[in-house]
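Below is one structure, written out as structure tokens; the observations come after it.
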Amino acid sequence: MYFICGPHQNSSGCCRIREGYAMADLNWEAPQYRRALTDIVQADLIMHDPATAETYVQKWFQHKGNIPTNKDHAKGTMKIIEKIDSDVIREKVMADFMETDWAIRTFADQPANDAPDGLSHSQGLLSTRLMQQARGNR
């Protein structure tokens, strides 16, 4: 429930939650949090990338309250998805999102190089926080 309804969640179903924040929010110790996180990852309820501290709630867009309800909502959700640093999670979120009615209506008619589904790996990588930091350090 914490990953679904917690204070860090957004319309993409993926959020960055550092272990310390989660432990503080839940008032748990590290072993308890790590055990629970492992259990829900193994149960395929969430995806978690420890390198980026990002967590995606599996089947997020299959639940009525999480489905985009109009074109602007779909565009806003896409902007959030494009900022996901974890390549594996971003690709999964993108695939799930692109199956929703409003994502199809909003992005299906765009040329491949403009459509989120056609987002090249280089464009996706350039939008990651790590690459943005690297460019800023030049």
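Applied to region 52-60, the Karplus parametrisation 6.51 cos²θ - 1.76 cosθ + 1.60 on θ = phi - 60° returns per-residue 3J(HN,Hα) values of 10, 6, 9, 10, 10, 7, 4, 6, 3 Hz, with x for Gly and Pro. The residues packed around Asp72, meaning those with a beta-carbon under 14 Å from its beta-carbon, carry a net charge of +4 if Lys and Arg are +1 and Asp and Glu are -1. The HN-Hα couplings worked out from phi for region 86-96 by the Karplus form 6.51 cos²θ - 1.76 cosθ + 1.60 (θ = phi - 60°) are 6, 4, 5, 5, 4, 5, 5, 4, 4, 4, 5 Hz, whole numbers, x standing for Gly and Pro.
Taking 7 Å steps out from each Cα toward its Cβ at Thr69 and Ala30 produces label points 4.2 nm apart. In a DSSP loop and with at most 16 other Cβ atoms within 10 Å, the trypsin sites (Lys or Arg not before Pro) in region 22-70 are Lys59. Charging the Cβ of each Asp and Glu at -1 and of each Lys and Arg at +1, and nothing else, the dipole of region 30-102 about its Cα centre rounds to 220 debye.
Read the figures in this text as sums done on the coordinates, not as results from a lab. Only a predicted model underlies this, so the values are computations on that prediction, with no experimental measurement involved. Glycine also receives a Cβ, built like all others from the backbone with ideal geometry; neighbour counts cover every protein chain displayed.
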